[in-house]
Number of protein chains: 4
Amino acid sequence: MSTLRYFASDNNSGVHPRILDAFARSNVGGVAAYGSDQHTEQAVNALKEVFGPKARPWFVMLGTAANVLGLKSMARSHHGILCAESAHIYCDECGAPEAITGAKLFPLPHHGGKIRLEDCKATLRLREDVHHNYPAILSITQSTEYGLVYAVDELIAIRDFCREHRLFLHMDGARLSNAAASLGLSLKQISADVGVDVLSFGGAKNGLMFGEAVVFFHDDLGHDFGHIRKQHMQLVSKMRFVAAQFQEYLTNDLWLENARAANRMAALLADKIRDLDHLTIVYPVEVNALFVRMHKKIIAKLNERFYFYTLDTADAPGLPKDWQLVRLMTSFNTTEEQVCEFAAAIKDCEKIF
Amino acid sequence: MSTLRYFASDNNSGVHPRILDAFARSNVGGVAAYGSDQHTEQAVNALKEVFGPKARPWFVMLGTAANVLGLKSMARSHHGILCAESAHIYCDECGAPEAITGAKLFPLPHHGGKIRLEDCKATLRLREDVHHNYPAILSITQSTEYGLVYAVDELIAIRDFCREHRLFLHMDGARLSNAAASLGLSLKQISADVGVDVLSFGGAKNGLMFGEAVVFFHDDLGHDFGHIRKQHMQLVSKMRFVAAQFQEYLTNDLWLENARAANRMAALLADKIRDLDHLTIVYPVEVNALFVRMHKKIIAKLNERFYFYTLDTADAPGLPKDWQLVRLMTSFNTTEEQVCEFAAAIKDCEKIF
Amino acid sequence: MSTLRYFASDNNSGVHPRILDAFARSNVGGVAAYGSDQHTEQAVNALKEVFGPKARPWFVMLGTAANVLGLKSMARSHHGILCAESAHIYCDECGAPEAITGAKLFPLPHHGGKIRLEDCKATLRLREDVHHNYPAILSITQSTEYGLVYAVDELIAIRDFCREHRLFLHMDGARLSNAAASLGLSLKQISADVGVDVLSFGGAKNGLMFGEAVVFFHDDLGHDFGHIRKQHMQLVSKMRFVAAQFQEYLTNDLWLENARAANRMAALLADKIRDLDHLTIVYPVEVNALFVRMHKKIIAKLNERFYFYTLDTADAPGLPKDWQLVRLMTSFNTTEEQVCEFAAAIKDCEKIF
Amino acid sequence: MSTLRYFASDNNSGVHPRILDAFARSNVGGVAAYGSDQHTEQAVNALKEVFGPKARPWFVMLGTAANVLGLKSMARSHHGILCAESAHIYCDECGAPEAITGAKLFPLPHHGGKIRLEDCKATLRLREDVHHNYPAILSITQSTEYGLVYAVDELIAIRDFCREHRLFLHMDGARLSNAAASLGLSLKQISADVGVDVLSFGGAKNGLMFGEAVVFFHDDLGHDFGHIRKQHMQLVSKMRFVAAQFQEYLTNDLWLENARAANRMAALLADKIRDLDHLTIVYPVEVNALFVRMHKKIIAKLNERFYFYTLDTADAPGLPKDWQLVRLMTSFNTTEEQVCEFAAAIKDCEKIF
């Protein structure tokens, strides 16, 4: 029996069945390539309805591309990009932001993946001297890589800071749907309405097959994104099949249904294991991720049946000896049975000690 | 009635039904992301069977990415890349090769998209002086952007030239299937066996939805391609759905069936219009493309019902006044009815004059 | 006896003695590094007096850097840069413009190094399609690489074209002094006054040791050049010694004196050899360069004593068999004796035939 | 009276008089440009004598260029470069290493500018996953940005670590002369002999006007550096004047004389102020830099007459309130009188309290 990946990552899941159906419906006749087709026009319009009339959405293939090309649209190579040192753009994109934009990332201390404005502010002194990259962009992740959600007042404070100091505000929204579901707000209320200039709006972690949207809200940005996208190898010829996914995703709030389902399963799992011995849930469980400190014996035992990510201790200062930090993620199609099976397996580990 | 795009481009077609079926079959359970799954392993193995044991294939998302990252794996920024001035990498990728590799492309005169070795050789004198990029790579397209196919002996002469002058040999095989079908040879016989070092092996122009393979044959190349791919935003999380397409593509020679069908329809169209007045077929019709010089009145009349590409006269020196060059492409799912309908429409244009 | 390099290149000459004296005068006390010193302030002011109050000059180390970073200040990587296919930026900078800006150069046919607006215009159709770099900049060389000088009305026509089509206008003025001397106009009259947006103003080919100025005239450009310069390795710590050179260069019109001297010697050489057999002067001798078609026997004979550049025949279509094109350049310190010695040597070659 | 810059930086000083004399001697006749002249050949040979027969030196214009292009010769864009977070390449080059190489810098904790191998080692786990840049190069600074000198056994331990883990070893030797003078060793003994693969050998901080050498020791590296240098705008036409400086610098050990003088003045200054109140010298004074914690009142008072750098408190954790860290640098031409004047001024500050 191969290892079960119920909680490894939300991109280990397959594709929502409605997406496959949408493919089939779109696969009719010849249409213009490279996004000059009606499917794309309709999907763009659907996104504009969701994000408001100022929104200008563009499709790319992957989340890393959405982040990097969104940043590229703002950054000159001598700029500095502020972000949490836990940010996907800093940790998990193989240096694509630096290689593609030429700019430097300034990693800031984080608190569950959230940045603090005093740390941002401290970097602004670098602006005085040409020997340093000029901080010009702040990138935040919603929900964060540690499963936390910026509240609206936090986002407004960040926006005000950016406006005051003339920083562009970028949001990595690979899991924006989960954040909106968690807050009970619309996608627009936590992006366009709180002053985000450029948004990566993800789908692949919430039931799509591939494809992300870069959404521009700032009037001055994105006008050359058609060229940026093509030059950076993100303009797919059969664009109708990206568009078809997003149309379906926004129809009858599939995005919300999926995100709620994933969030609910994370909460359920948290409830089931919270009081067990030899583990501690580290952050509030706000979306579809749990970060749990566990004794290594539990991890080893669980790993016999389940695959999930154990984080390097360097990412988790203050851990007791013989404990490690694990990440457990739920997905749109995680089932209650899977949660129960996994929670029972953890509970079963108590016997080890 | 919207315009018919039967002959606009082979990427205006949809996806072969077997590909959609393959998606559905692969959409079962959670699997590792980023290509560490069994689907990907199987698809890679299927490619190795096709291209031989030395082949090391990697999947990327798009044809431009396959070309550019294949070149990136070979090129340093001070290198020069020789190619036909009609090459897709020179004309149609928005400068991605230059922007991503930093290298310079040296456009060579072409003959139906084919380069000549004497032109390549003339550039080698640039090697003597550091004020010029150092020619290090030769890129050819099989079949060419003008629908011609390099014969095996031509490919061997190119290989020998490259070996003698220590040039890496890159092949843009966006339509390699059509070339193989045309020659009646295997994919391996016109790539691995004739000394190609790095191949872009395309699928999207022949019935796939997205996804291409970069195949390394040279022992020294490609060992860091995993990093290159990730950094350049081509590592999709749900890789199983690229793999599923390629597995299906190689099963029972779907690639060949599709390519033959497209080639056959191009030949049929050529046969039907060859003897008409006010037009001339420019190149031999070897794959799925016709290049036809037509009187502008015919083009205008046809454009009332059909969309296809008219090339800028700059690309077609020696055209009679009031004539233009048009490109007509067939696809895996072009039908005899469509060919007949279009040929009849052309014939009907004779009345104009 | 080693080979004499009287006419090899204007950068084979040494440094004007006044420049060395200026070094000594500046070498007093400790001053702020990186251009925050009074020498630099004074030299910048001297340049503003020459080029007018809108001019914003910055020093870099080399001519290639002046060109490339001037272009970098305007270009995004998806832009296209139009230039003569003889341009230094296209031929002689080892692909630095592409590698550093990411943009693509569009080489245009040239006539003695001059571009024609109809060729520029033809490229603008590329703007319609994201598969091509977007032409955004036109770069011209004054005087050209073939020793011709754009007249003021030619420059105005170019400016008007650029304004109409929203192209930035860059001027490679490595030999701007020679052009101004030739036209009997000020430096400002052939740069700021004719709508140049960004100028490379050279010195090293006219008696300086190193150092060039990038001068911005367009209000929107250059405001981040301090960072661009530093990031691209052109901010020298002991800037006072670049400044000292430029101050001296502009004092009592040293630049003009040097340029006139060089131009005069080229004219003298032309006069002396014009009527000889077995050679033809190709272009009008407007500055300090002669392009001469010669029989190869003459070249071989001369090369026994003199070093100069013979151009590849690829650069000189229409040459009679056994003839080649040579470039002869004079310098600020070329003497009449050297000209006479060389002319006599050529004349002496008539005996060969 | 303008502010005195005796201790601001070793690049605030002028040029050693012997360098100006060398210029004059080299300014004779026409010679080949771009380093194909005898001056350059002789200077390269002089460097080979100093650094040993395996050394392959190349001249560039600036220290930042020496570092960045040395790194470029080794790095692919998906590589990671390990360095102290105090390293010049990380802090003071406006992101040039990232922009020019595309690679990512991994800043390590430092101790007076020195890295620790356990921190290097911890980064090597990133090699396992393509989502991270692949650590491939370690860069150290000798002497460090905090004025410390790696001893030979420390260097050997670093080399052994690099060999074991297949890391290239880069040394920023902007102040290598000061380190050699401090250790009483030759330049070769602390570079070639301890396994440095690529060295930046500086001169401008020790009496030269401009120009640095990149010296390759690793057999596989640097063979394309001629092209890298040209493409990255560091190939000066009148190379003889860089060469002349280096020849003079190596003649009768001018480099050593200058470095010793600077080091001696730093030691003298340290001796004179060590026992004063309201300040603490932070690191051992091994070369020409003192890092001194001072009460802000002293700094303010001194700044009335003297300019020097006060470091941001962010760089100096653990400072008492109202104290700051200042950097005082001596130079080849710092005099005893200047040291005494400054020390007296500090002593005089005791009255404030």
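The values are calculated or read from the model by the stated rules, or taken from the named source; none is laboratory data. No experiment lies behind these values; they were computed from the predicted model shown. Reconstructed Cβ throughout: ideal geometry from the backbone, glycine too, with neighbour counts over all protein chains shown.
Summary table below
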{"item": "Qualifying positions in segment B:198-229 - free of Cβ contacts under 8 Å to residues at least 60 places away in the same chain and assigned to a helix (DSSP H, G or I)", "result": "B:His227"}
{"item": "Listing of helices (runs of 4 or more DSSP H) fully contained in segment B:84-184 that carry 2 or more residues being more than 22 Å from C:Leu126 (Cα to Cα) and among the polar types (S, T, N, Q)", "result": "B:176-183"}
{"item": "Within segment A:47-74, considering residues that are surrounded by fewer than 22 Cβ atoms within 10 Å (Cβ to Cβ) and of a type in the set (Lys, Arg), the one farthest from the other protein chains (Cβ to nearest Cβ)", "result": "A:Lys54"}
{"item": "Selection within segment C:19-35 - assigned to a helix (DSSP H, G or I) and either under 22 Å from the mean Cα position of the chain (by Cα) or at pLDDT below 95 (or both)", "result": "C:Ile19"}
{"item": "Single match in A:Leu290, A:Leu311 (criterion: under 19 Å from the mean Cα position of the chain (by Cα), on the phi < 0 side of the Ramachandran plot and without any contact (Cβ under 8 Å) to a residue 24 or more places away in the chain)", "result": "A:Leu311"}
{"item": "Any hit, segment A:148-168, residues being touching a helix residue (DSSP H, G or I) at 6+ places or on another chain (Cβ under 6 Å), more than 10 Å from every other protein chain (Cβ to nearest Cβ) and without any contact (Cβ under 8 Å) to a residue 40 or more places away in the chain", "result": "yes"}
{"item": "Qualifying residue in segment A:125-147 (condition: on the phi < 0 side of the Ramachandran plot, touching a His at 6+ places or on another chain (Cβ under 8 Å) and surrounded by fewer than 20 Cβ atoms within 10 Å (Cβ to Cβ))", "result": "yes"}
{"item": "Per-region count, segment B:172-209, residues among the aromatic types (Phe, Trp, Tyr) and more than 9 Å from the chain's Cα centre (by Cα)", "result": "0"}
{"item": "Residues located in segment A:91-136, provided they are more than 9 Å from chain D (Cβ to nearest Cβ), in contact with a Ser or Thr (Cβ under 8 Å, 6 or more places away or on another chain) and among the charged types (D, E, K, R)", "result": "A:Lys114"}
{"item": "Those residues of segment A:84-112 which are crowded, with 24+ Cβ neighbours inside 10 Å and within 14 Å of the chain's Cα centre (by Cα), in sequence order", "result": "A:Ala84, A:Ala87, A:Ile89, A:Glu93"}
{"item": "Among (1) without any contact (Cβ under 8 Å) to a residue 40 or more places away in the chain; (2) out of contact with any Phe, Trp or Tyr (no Cβ under 7 Å at 6 or more places or on another chain); (3) over 21 Å from B:Glu154 (Cβ atoms) - the single one B:Lys72 does not satisfy", "result": "(1)"}
{"item": "Filtered residues of segment D:320-353 (kept if aliphatic (A, V, I, L, M) and touching a strand residue (DSSP E or B) at 6+ places or on another chain (Cβ under 6 Å))", "result": "D:Leu325, D:Val326, D:Leu328, D:Met329"}
{"item": "Top-ranked residue in segment B:207-246 [being farther than 30 Å from A:Gly30 by Cα and hydrophobic (A, V, I, L, M, F, W, C); ranked as nearest to the other protein chains (Cβ to nearest Cβ)]", "result": "B:Ile228"}
{"item": "Close pairs from segment C:186-197: first at positive phi, partner assigned to a helix (DSSP H, G or I) and surrounded by fewer than 24 Cβ atoms within 10 Å (Cβ to Cβ), Cβ under 6 Å, at least 6 apart", "result": "C:Gly195/C:Arg159"}
{"item": "Checking C:Ala243 against (1) crowded, with 24+ Cβ neighbours inside 10 Å; (2) more than 20 Å from C:Asp37 (Cα to Cα), the condition it does not meet", "result": "(2)"}
{"item": "Number of positions in segment A:42-83 that are more than 25 Å from D:Phe106 (Cα to Cα), modelled with pLDDT of 95 or more and outside any helix (DSSP H, G or I)", "result": "9"}
{"item": "B:Val28 among the aliphatic types (A, V, I, L, M) and surrounded by fewer than 17 Cβ atoms within 10 Å (Cβ to Cβ)", "result": "yes"}
{"item": "Verdict on C:Ala122 being among the small types (Gly, Ala, Ser) and in contact (Cβ under 8 Å) with a residue 12 or more places away in the chain", "result": "no"}
{"item": "Single unsatisfied condition, A:Ile81 versus (1) aliphatic (A, V, I, L, M); (2) away from every other protein chain (no Cβ under 12 Å); (3) in contact with a His (Cβ under 9 Å, 6 or more places away or on another chain)", "result": "(2)"}
{"item": "Residue within segment D:261-277 that is on the phi > 0 side of the Ramachandran plot and among the hydrophobic types (A, V, I, L, M, F, W, C) present", "result": "no"}
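This table checks each residue for (1) under 23 Å from B:Ser182 (Cα atoms); (2) modelled with pLDDT of 95 or more; (3) surrounded by fewer than 13 Cβ atoms within 10 Å (Cβ to Cβ).
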{"position": "B:Ile281", "(1), (2), (3)": "yes, yes, no"}
{"position": "B:Val287", "(1), (2), (3)": "yes, yes, no"}
{"position": "B:Leu302", "(1), (2), (3)": "no, yes, no"}
{"position": "B:Asp315", "(1), (2), (3)": "no, no, no"}
{"position": "B:Leu319", "(1), (2), (3)": "no, no, no"}
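Matching residues to (1) out of contact with any strand residue (DSSP E or B) (no Cβ under 9 Å at 6 or more places or on another chain); (2) of a type in the set (Gly, Ala, Ser); (3) buried (at least 23 other Cβ atoms within 10 Å of the Cβ):
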position	(1), (2), (3)
C:Ala151	yes, yes, no
C:Glu154	no, no, no
C:Ala181	yes, yes, yes
C:Gly184	yes, yes, no
C:Gly207	yes, yes, yes
C:His218	no, no, no
C:Arg229	no, no, yes
C:Gln234	no, no, yes
